[in-house]
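In what follows, a structure is listed as structure tokens, so that the remarks can point back to it.
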Amino acid sequence: MSKLGDLGAKLYRGEVGYDFVGKRFLWYGVSILITITAIVALAVQGLNMGIEFKGGAVFTTPKTSVSVAAATEAAEKVSGHDAIVQELGTGGLRIQISGVDTDAATDVKKKLATDLKVDQAAINADLVGPSWGEQIANKAWTGLGVFMVLVVIYLAIAFEWRMAVAALIALIHDLTITVGVYALVGFEVTPGTVIGLLTILGYSLYDTVVVFDGLKEGSKDITKQTRWTYSEVANRSINGTLVRSINTTVVALLPVAALLFIGGGFLGAGMLNDISLSLFVGLAAGAYSSIFIATPLVVDLKEREPAMKALKKRVLAKRAAAVAKGESPDEAYAAEDEPQVVAQGRSGRRR
């Protein structure tokens, strides 16, 4: 067995583990700090909305010897607006200019042909109205709202309302961080970005549900024993699925990282940035929140119940009595069966 597999087995059996739940206030503080940074970035810098949302024109030129920098300067000069220029594989240029209406597009096209030394008739011009982007945004918000409502209902039925609330908070946490990163780096927000944001919601939820499933199984009949508190069982559930969560996240991030850093960065395919950044940040934030935020929040909500408070009191009392007698934990609980933390669930579900 590999070292990682051996570690996973030990985590699953509870032989080793990290106290995620016990240190939850540290992770809450980290998340609050990151979230505040994201909100400030949104308030100060705002989002760099793409032409699909603001309206404008996209000019595609044939092969030209003019550099991207020179074309950007020329486009901004003739239009009076900010321009985004990308070099195409054909040697031509894609010039995106926001705020250009139908009347101005013809004049801009004519001047671009002169400055870029290409035939005006060979330049393709596409006009985009802001109403189209507004429709996309409205449908995205509607889809997001419906998704959130269905998620809460499903988790409340399949698990319990506390897990539904925790999962919802974790999803909002992931969205806020991802959007905040877009504001910080200034990447353009396009329909591809919206697709990426909606995609990470499903991934984040799936990761969270896997941990919740282990917690549900592990906490069954928990009040009938006095060896573990609810928070300890929750912590064992996180550790039991930790290696799988790491493996899944790494495998998912590798191709997205290739798109973002190699395709969008090294190779200069800037059109890949809109969706790859949202996926990269969202996947990482989703893995983080499912471990460090969602389950600890469930513990905070669950341990407010009188039954869980009474259980914790009994567990601590039994441990104190064992210490007074000079007994070890194993001796104190020798006659009591340990509740099993089943990370995969009864049906043997795997990622």
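One table, with the values for the structure above:
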{"read-out": "Estimated FRET transfer efficiency (residue 124, residue 253; beta-carbon r; R0 30 Å; 0.05)", "value": "0.25"}
{"read-out": "Residues in segment 48-68 reached by a label modelled at residue 135 [backbone nitrogen below 16 Å; 7 Å Cα→Cβ]", "value": "52-56"}
{"read-out": "Rounded FRET efficiency, nearest 0.05, which uses the C-beta distance separating residue 36 from residue 304 and R0 of 25 Å", "value": "0.45"}
{"read-out": "Solvent-accessible area of residue 127 with every protein chain in place, 1.4 Å probe, in Å² to the nearest 10", "value": "80 Å²"}
{"read-out": "Per-peptide average of other Cβ atoms within 10 Å, ordering 192-204, 277-289, 297-309, 166-178 highest first", "value": "277-289, 166-178, 192-204, 297-309"}
{"read-out": "Rounded accessible area of residue 212 (nearest 10 Å², 1.4 Å probe)", "value": "0 Å²"}
{"read-out": "Listed residues 232, 87, 327 arranged by accessible area, highest first, probe 1.4 Å", "value": "87, 327, 232"}
{"read-out": "Computed E for residue 81/residue 144 - FRET, C-beta separation, R0 41 angstrom, nearest 0.05", "value": "0.85"}
{"read-out": "Label point distance in nm, residue 64-residue 206, each placed 7 Å from Cα along Cα→Cβ", "value": "4.3 nm"}
{"read-out": "1.4 Å probe accessible area per residue over segment 102-146, in Å²", "value": "66 Å²"}
{"read-out": "Accessible solvent surface per residue of segment 149-191, calculated while the other protein chains remain in place, 1.4 angstrom probe, Å²", "value": "41 Å²"}
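The values are calculated or read from the model by the stated rules, or taken from the named source; none is laboratory data. Just so it is clear, the model here is predicted, and its values are computed rather than measured. Positions of Cβ are generated from backbone atoms using ideal geometry, with glycine treated the same way; all protein chains shown enter the neighbour counts. The area values use the complete protein model at the heavy-atom level, side chains included, leaving out ligands, DNA and RNA. Shrake-Rupley method; radii C 1.70, N 1.55, O 1.52, S 1.80 Å.
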